[in-house]
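Take a look at the structure set out below.
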Amino acid sequence: MTSLDRGAGELIVIKVGSSSISGERRAQIEPLVDGLASLHRSGRVILVSSGAISTGMPFLGLEDRPADLPMQQAAAAVGQNVLMNRYQRSLSRHEVIAAQILLTASDMDMDSHRVNARNALERLLELRMLPIVNENDTVATHEIRFGDNDRLAALVAKLVGADRLILLSDIEALRTAPPDEAGSEPILTVPYGDPLDGVRLGASGSHIGSGGAMTKVDAARLAADAGVRVTVTATPLLERLVAGERLGTEFEPNPDPDPVG
């Protein structure tokens, strides 16, 4: 498993899933922010955070993620405000200011939008802000959306030329089979281009999230293709990862990526 090697000025993108910061796990925001603040002090960090819909659900009297688009948009509109307030209250303990960036899939497809998003992120980092990126669920449609924020995080990492992407969720590491099956083993390292033959990855078991192990693999490969080193691990382990412990599954980057456009 891998440790977090923080070089001078290293740019790290961290993605956290809905199930890690909402509902019964809402308290995980505090240690998550502690890890973010540590990285912020010694380098540059961007957080890609899911959770707008799941955070807004209780305020609308919803127990399960709504299926219809208008209710998802309503929950996102309420939840994004609450979620950013929770992040900022916690970040204020470290005297760090958050900056909200909301993107849609079409923003990444249009050259002018993509360039503007990159310029905004780079300027915020220069100003020592901590950008928090999420999909703009309030205006996104079923037909045009990232599908999950693992992919969004990979695209952001590629966009800004990040050195590292950390995908946080509920699992400590990817495994060769579901953990309750005999012979299931953690996957420590995925060499670049490894097809993971024989590995069976399951979907998310969360009632509020949209991602799963397969989405993380797809996102990790997308980022690795662009030369970004990727780590997949559990949200509560971020502080230990930041402190230098070897944790999670690491996807080795493309040794000869195309230049960032």
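The figures follow:
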| read-out | value |
| --- | --- |
| Some residue of the range 68-86 being modelled with pLDDT of 95 or more and under 17 Å from Leu124 (Cβ atoms) | yes |
| Residue satisfying all of: in the range 173-196; in contact with a Pro (Cβ under 7 Å, 6 or more places away or on another chain) and open to solvent by 70 Å² or more (accessible area, probe 1.4 Å); nearest to Ala220 (Cα to Cα) among these | Tyr192 |
| Any chance Ser22 is at pLDDT below 90 and open to solvent by 10 Å² or more (accessible area, probe 1.4 Å) | no |
| Cβ pairs under 7 Å, 6+ apart, first in the range 64-84 and touching a residue at least 24 places away in the same chain (Cβ under 8 Å) and over 10 Å from Thr138 (Cα atoms), second open to solvent by 40 Å² or more (accessible area, probe 1.4 Å) and not in a loop (DSSP other than H, G, I, E, B) | Met84/Gln100 |
| Residues of the range 210-261 classified as open to solvent by less than 30 Å² (accessible area, probe 1.4 Å) and part of a strand (DSSP E or B), total | 9 |
| Matching entry among Leu130, Leu152 (being under 30 Å from Leu247 (Cα atoms), under 16 Å from the mean Cα position of the chain (by Cα), modelled with pLDDT of 95 or more and not charged (D, E, K, R)) | Leu130 |
| Those residues of the range 38-77 which are in contact with a strand residue (DSSP E or B) (Cβ under 8 Å, 6 or more places away or on another chain) and either surrounded by fewer than 20 Cβ atoms within 10 Å (Cβ to Cβ) or over 28 Å from Leu237 (Cβ atoms) (or both), in sequence order | Gly43 |
| Those residues of the range 42-59 which are free of Cβ contacts under 8 Å to residues at least 60 places away in the same chain and of a type in the set (S, T, N, Q), in sequence order | Ser42, Thr55 |
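The values are calculated or read from the model by the stated rules, or taken from the named source; none is laboratory data. What you are looking at is a predicted structure, and each value in this text was computed from that prediction instead of being measured. Methodologically, a virtual Cβ is constructed for each residue, glycine included, from the backbone with ideal geometry; neighbour enumeration extends over all protein chains shown. Side chains are part of the model used for accessible areas, which takes the heavy atoms of the whole protein and leaves out ligands, DNA and RNA. Shrake-Rupley method; radii C 1.70, N 1.55, O 1.52, S 1.80 Å.
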